[in-house]
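Novice: Just passing along the structure, written as structure tokens.
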Amino acid sequence: MAGDLGWIPSVDAVVRELQPIELPRPALVAIVRRSLAELRASPPAAPIPHDALLQQISTIARRLSESRLRPVINGTGVIIHTNLGRSPLGAAAAQAVVDVATQYNTLEYDVAAGERGKRCEYVEQMLAILCEAPSAMLVNNCAAGLVLILNALIDRPNRTRVVISRGELVQIGGGFRVPEILEAAGATLHEVGTTNQTTLEDYRSALNIETAMILKVHRSNFYMEGFVASPPTSELAMVARAASIPFVEDLGSGAVFETRDIGKHSVHEPTPGEILKAGADLVCFSGDKLLGGPQAGVIAGRADAVARLKRSPLYRALRVDKITTVAMQATVDQLLAGDIGSPPVHEMLRIGEPDLRERAKPIVDALRDGKLHVKVGNGMARVGGGSLPATEIPSITLDIRSPSVGPDELAARLRRGRPPVIGYVADQHLRLDLRTIFPSQDCMVIDALRRLAESVA
Ligand SMILES: *Cc1c(COP(=O)(O)O)cnc(C)c1O
């Protein structure tokens, strides 16, 4: 019985019968071939009906097609959402990317001299000014920055120990584990203190001839309250200086503006400039968190240290391309010019509730006669992306309910739409936070909710 596999159709037949799926034909053929080969290799006890088989293969193909990188509408209220691409670029940065990336450009060319120039010269000088630092450089992300710093500043095999507080050995979403980063960079970890308490003496007594560096990692993605203490940057810097070793601080989110007045429970996030002034030799932070630029890592601090990193062979593997360079250049130009509202995440952090309420009204009105109940609600937006974890920003939501379909199913249907609209479920409602939805997307939200209303009718 098991030997008779005549019911398994040919690859060609299945490809012909599949409903149109947005995949290149070779990809479709490969999926069908693989699925049918698996059936032949380990056949089920009974033949699968032809329609069910088509359905199975079509589901696999559709999944792949939908996994394409594409825009979504973010109704989660999480402003720097790591799964949704962190900071969206502003219009000027996006246009600069198009202009530079689609033409030849001055990436490594000095037009005055007519010869080879320095990569990233302009953007790195602007970043140094923004960070109030003697020098700055760009790499692919903050993790790469940390790897480069560790790798270039330790001295193998004799001085590889990096002293770090146990309370800072955090995992920062997406597999960023400080101990593993250290290991990958060839450093050895020396933990001091406890999860919630580390004293200056803990650091001081850990230093020995093998110690290469003191590293402080900003606890940016969670917030410990209560009996928590670690020495301030200025005191750590003095201990490091006395031992003639570098002191480096990984700031993670990299706030370059005052964060205390954002929403509720906000704290002052130290700026790169403040940390450097307090005595850190180098800081690193992400380009696509609070800075609002493209994925990148910014390293700022002492000029000799930055120069040393640039000479490291590893730098060649971690440097940024023209697309990142120009997107960061446009972002930093705007930040230095003080252009309010650009980058977009800065606008989302600051927009007032009355403005959001104004936008909510016409959306609710437009959906009044449909099969959904839509009302204006109050929500709490968050910064996200490992930035300002305690901060809550009062926000305005669209609260959606249907008498016949539950909120989780409503959320799933919106996610499957084109474009996908991502909301969240709370208090028996599907909720869309308007703070993270661009005003220019409001009409798309109306369209998506109209289609949702039809689907429940
Ligand atoms: C987010 C974060 C990182 C990782 O940044 P990437 O740019 O994603 O590499 C590193 N350290 C801290 C403290 C962070 O918050």
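Novice: For the chain, place one equal point scatterer on every Cα, skip the solvent, and apply the Debye formula. What is log10 of I(q)/I(0) at q = 0.07, 0.14 Å⁻¹?
Specialist: Listed by q, the Debye log ratios stand at -0.48, -1.23.
Novice: Right, next: Using Cα centres only, tell me the gap between the stretch 302-350 and the stretch 101-133 in whole Å.
Specialist: First find each Cα centre; the distance between them is then 12 Å.
Novice: For the chain, give the share of DSSP beta bridges that are antiparallel, in percent and rounded to the nearest 5; count only bridges with both residues there.
Specialist: So the antiparallel bridges in the chain amount to around 65 percent.
Novice: Taking the Cβ of each residue in Lys310, Lys264 as the centre, tally the other Cβ atoms inside 10 Å and list the residues starting with the fewest.
Specialist: Ordered by Cβ neighbours within 10 Å, fewest first: Lys264, Lys310.
Novice: Could you tally the net charge around Glu258, taking each other residue with its Cβ under 13 Å from the Cβ of Glu258, Lys/Arg +1 and Asp/Glu -1?
Specialist: Neighbour charge sum, excluding Glu258 itself: -1.
Novice: Give the long-range amide H neighbours of Ile396: residues separated by 5 or more places, or on another chain, with amide H under 5 Å away, using H modelled in the peptide plane at 1.01 Å from N.
Specialist: The answer is Gly379, Leu434, Arg435.
Novice: Between Lys216 and residues 5 or more places away or on another chain, which pairs have amide H atoms under 5 Å apart, with H built 1.01 Å from N, and which residues are they?
Specialist: So Lys216 has HN proximity to Val248, Glu249, Asp250.
Novice: Beyond 22 Å, what percent of the Cα pairs of the stretch 275-358 remain?
Specialist: Result for the distance tail: 42 percent.
Novice: Another question, then. For the stretch 121-213, what does the equivalent ellipsoid look like in terms of its semi-axes, each the square root of 5 times an eigenvalue of the Cα gyration tensor, given largest first in whole Å?
Specialist: Calculated on Cα positions only, the semi-axes equal 26, 16, 15 Å.
Novice: Hey, another quick one. How large is Rg over Rh for the stretch 262-420, taking Rg from the Cα atoms and Rh as the Kirkwood inverse mean of 1/r across Cα pairs?
Specialist: Value, to two decimals: 1.10.
Novice: What is the stretch 76-170 by shape, rounded, prolate or oblate, if you read a ≥ b ≥ c off the alpha carbon gyration tensor as root eigenvalues and call it rounded for a/c under 1.5, prolate for a/b larger than b/c, and oblate otherwise? If you can, show how the numbers build up before the last one.
Specialist: Numbers: a/c = 2.56, a/b = 1.28, b/c = 2.00.
In terms of gyration-tensor shape, oblate.
Novice: Under 5 Å between amide H atoms, partner at least 5 residues away or on a different chain: which partners does Thr188 have, H built in plane at 1.01 Å?
Specialist: Arg161, Val162
Novice: I would also like to ask the following. Please sort through the DSSP H helices of the chain and keep those with an alpha-carbon extent of at least 18 Å along the long axis and a Kyte-Doolittle average not below 0.0. The partial results should precede the final answer.
Specialist: Values: long enough: 25-41 (24 Å, 0.45); 50-66 (24 Å, -0.26); 322-337 (22 Å, 0.71); 353-366 (20 Å, -1.00); 442-456 (21 Å, 0.55).
Answer set is 25-41, 322-337, 442-456.
Novice: Setting aside same-chain residues fewer than 8 positions from Lys277, which lysines have a Cα under 29 Å from its Cα?
Specialist: In chain and number order, the partners are Lys118, Lys216, Lys264, Lys289, Lys310.
Novice: Tell me, what is a quarter of the convex hull surface for the C-alpha atoms of the stretch 364-404, in nm² with one decimal? Numbers along the way, then the final one.
Specialist: Values: hull surface 16.2 nm².
It is 4.1 nm².
Novice: Sticking with this structure for a sec: In whole angstrom, how long is each semi-axis of the equivalent ellipsoid of the stretch 21-157, when you take the square root of 5 times every eigenvalue of its Cα gyration tensor and sort them from largest down?
Specialist: Details: eigenvalues 460, 89, 73 Å².
Taking √(5λ) for each Cα gyration eigenvalue gives 48, 21, 19 Å.
Novice: In Å, what is the Rg of the alpha-carbon atoms in the stretch 36-109, and how long is Dmax?
Specialist: 22.3, 67
Novice: Can you list the aspartates and glutamates whose alpha carbon sits under 14 Å from that of Lys322, skipping same-chain ones fewer than 8 residues off?
Specialist: Asp99, Glu108, Glu121, Glu124
Novice: Would you mind ranking Leu89, Leu169, Leu5 by Cβ crowding within 10 Å, fewest neighbours first?
Specialist: Leu5, Leu169, Leu89
Novice: Shifting gears a bit: From zero up to wherever the largest Cα-Cα distance of the stretch 217-321 sits, split into 5 Å bins and tell me the percent of pairs in each.
Specialist: Each 5 Å bin holds this share of Cα pairs: 2, 11, 18, 22, 20, 14, 8, 4, 1.
We did not get these values from a lab; they are worked out from the coordinates using the rules stated. Please read all numbers here as calculations on a predicted model, not as lab measurements. Positions of Cβ are backbone-derived with ideal geometry, glycine not excepted, and every protein chain shown enters the neighbour counts.
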